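The values are calculated or read from the model by the stated rules, or taken from the named source; none is laboratory data. What you see is a predicted model; the values in this text were computed from it and never measured. Please note: Cβ atoms are built from the backbone with ideal geometry, for glycine as well, and neighbour counts cover all protein chains shown.
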Amino acid sequence: MQNWSDPRTTAAPTAAPSVGVPRAARDAGLRSYMLSVYNYMASGVLLTGIVALLFASSGLAAQVLATPLRWVIMFAPLAFVMVMSFGMNRLSTAALQGLFWAFAVVMGLSLSSIFLVFTGESIAMTFFAVAAAFMGLSLWGYTTKKDLSGMGTFLIMGVVGLLVAMVINLFLQSTALQLAVSAIGVLLFAGLTAYDTQRIKSMYAYVAGTDMMGKVVIMGALSLYLDFINMFTFLLQFMGNRE
């Protein structure tokens, strides 16, 4: 699991929704805003994939991950996420952008291990399956009239429970528990994909035209990136053919 604590954007915008703006202009602004979120998210996933593939194919991954440095690589992404989440209000937009790209690179180093464990074909199949599911879930979250905010607390609690189960299984080494964790993980992050999309969309009314907009775009992309990566890694446990 790559999203240990799954931090969500906690900063509450202080600006009130704009009024008196023509609906066509608001809709165009919202589309531009969401497109920026998706572009950041997709670019981050692409960068992570390239770094992971290059690091694994170079032979460095097998060497480095066999040393204590693997723990640094494993937990470094968490440090980036925490800095971005808790420092959002203090950091500039440019600083958040830099941290996002650095995070994507570090995640690539961490995820390089999958190329040492699973076949390239199964990794590609899982990636495209998750990409299709992600697009469908995110589209539903964007277009549905149903308020998904009630799902948020339940899903975050589920992620915490998942973390506890994963820690326990480090000692038990139970295959059955691992499969159960993977299945629940896929479902939880599928739900979070729809929930986060609707949450990010709703933030637009508060940040449009403010200095916070660029920061919210980056943090929204980070949330969707984490949803995608976690759904991918959990599903890979089912679909992946080992080397």
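Restricting attention to the stretch 199-218, which residues are over 13 Å from Gln97 (Cα atoms), in contact (Cβ under 8 Å) with a residue 12 or more places away in the chain and among the small types (Gly, Ala, Ser)?
Matches in the stretch 199-218: Ala205, Ala208, Gly209.
Run Ile73 past the list (1) surrounded by 15 or more Cβ atoms within 10 Å (Cβ to Cβ); (2) closer than 28 Å to Val217 by Cβ; (3) touching a residue at least 40 places away in the same chain (Cβ under 8 Å) and report the number of the one that doesn't hold.
Tallying (1) surrounded by 15 or more Cβ atoms within 10 Å (Cβ to Cβ); (2) closer than 28 Å to Val217 by Cβ; (3) touching a residue at least 40 places away in the same chain (Cβ under 8 Å), Ile73 fails exactly one: (3).
Quick one: is Thr48 under 16 Å from Ser112 (Cα atoms), modelled with pLDDT of 90 or more, outside any helix (DSSP H, G or I) and not small (Gly, Ala, Ser)?
no
Quick test for you: out of Leu78, Leu35, pick the one residue that is exposed (fewer than 14 other Cβ atoms within 10 Å of the Cβ), part of a helix (DSSP H, G or I) and of a type in the set (A, V, I, L, M, F, W, C).
Leu35
Name every residue in the stretch 155-196 that is over 21 Å from Ala221 (Cβ atoms) and among the hydroxyl-bearing types (Ser, Thr, Tyr), in order of residue number.
Those that are over 21 Å from Ala221 (Cβ atoms) and among the hydroxyl-bearing types (Ser, Thr, Tyr): Ser174, Thr175, Ser182.
If we keep just the residues of the stretch 34-64 that are within 15 Å of the chain's Cα centre (by Cα) and of a type in the set (S, T, N, Q), which is nearest to Tyr142 (Cα to Cα)?
Narrowing the stretch 34-64 to residues within 15 Å of the chain's Cα centre (by Cα): 37-49.
Those left that are additionally of a type in the set (S, T, N, Q): 39, 43, 48.
Values: Asn39: 16, Ser43: 20, Thr48: 25 Å.
The qualifying residue nearest to Tyr142 (Cα to Cα) is Asn39.
Just checking, which of Met166, Met239 is over 18 Å from the mean Cα position of the chain (by Cα), closer than 26 Å to Leu47 by Cα and of a type in the set (A, V, I, L, M, F, W, C)?
Working: Met166 fails: closer than 26 Å to Leu47 by Cα.
None of the others qualify; the one that does is Met239.
A quick yes/no check of all residues on (1) buried (at least 17 other Cβ atoms within 10 Å of the Cβ); (2) under 15 Å from Gly44 (Cβ atoms); (3) modelled with pLDDT under 95; (4) not acidic (Asp, Glu):
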position: Ala61; (1), (2), (3), (4): yes, no, yes, yes
position: Leu65; (1), (2), (3), (4): yes, no, yes, yes
position: Leu69; (1), (2), (3), (4): no, no, yes, yes
position: Ser85; (1), (2), (3), (4): yes, no, yes, yes
position: Asn89; (1), (2), (3), (4): no, no, yes, yes
position: Leu99; (1), (2), (3), (4): yes, yes, no, yes
position: Val106; (1), (2), (3), (4): yes, yes, no, yes
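Tell me, yes or no, whether the stretch 138-148 has at least one residue that is surrounded by fewer than 19 Cβ atoms within 10 Å (Cβ to Cβ) and either small (Gly, Ala, Ser) or in contact with a strand residue (DSSP E or B) (Cβ under 6 Å, 6 or more places away or on another chain) (or both).
No; the residues of the stretch 138-148 include none that is surrounded by fewer than 19 Cβ atoms within 10 Å (Cβ to Cβ) and either small (Gly, Ala, Ser) or in contact with a strand residue (DSSP E or B) (Cβ under 6 Å, 6 or more places away or on another chain) (or both).
So, in the stretch 120-168, of the ones that are of a type in the set (S, T, N, Q) and modelled with pLDDT of 90 or more, which residue ends up nearest to Leu224 (Cα to Cα)? Reasoning before the result, please.
If we filter the stretch 120-168 for residues that are of a type in the set (S, T, N, Q), which is where we start, we get 122, 126, 138, 143-144, 149, 153.
Keeping just the survivors that are modelled with pLDDT of 90 or more gives 122, 126, 138, 143-144.
Details: Ser122: 23, Thr126: 17, Ser138: 9, Thr143: 16, Thr144: 17 Å.
Ranking the qualifying residues of the stretch 120-168, first place goes to Ser138.
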